[in-house]
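Reading through the structure tokens given below for one structure.
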Amino acid sequence: MIRLKTGRSGNWELFWKRAGDGAFSGARKAAIPVTASDEFQIYQLDLSANTEWVGKNIVAWRLDPVPVGSADYDFEIDYM
């Protein structure tokens, strides 16, 4: 769960590493569709069917809020 507000709609990406992984990988990521708003919104990501997540020892994660090549914009994360 993440509570945020952002100036641009689009897909943010959550990447994670498991114990023993050397680096973040596109095989271990999930999209978070967000909607531009001046108000905080709560987003939930269901990874219960993702075999790269379920039952694994997750040791790190990375949140990419800005798609590559997009213009700058403001966002604020209240909590995760």
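Could you check the spin-label model distance between SER37 and ALA49? Points 7 Å from the Cα along Cα→Cβ, value in nm.
Modelled inter-label distance: 2.4 nm.
Can you give me the % of accessible surface on the chain that is carbon or sulfur? Probe 1.4 Å, all protein chains present, nothing else counted.
Roughly 47 percent, rounded to a whole number.
Given Cα positions, please report Rg to Rh for the chain, the hydrodynamic radius being the Kirkwood one.
Here Rg/Rh amounts to 0.99.
The values are calculated or read from the model by the stated rules, or taken from the named source; none is laboratory data. What you see is a predicted model, and the numbers here were worked out from it, not measured in a lab. A quick note on method: Cβ atoms are made from the backbone with ideal geometry, for glycine too, and the neighbour counts reach across all protein chains shown. Each accessible area value is taken on the protein alone, full model and side chains, heavy atoms only, with ligands, DNA and RNA left out. Shrake-Rupley method; radii C 1.70, N 1.55, O 1.52, S 1.80 Å.
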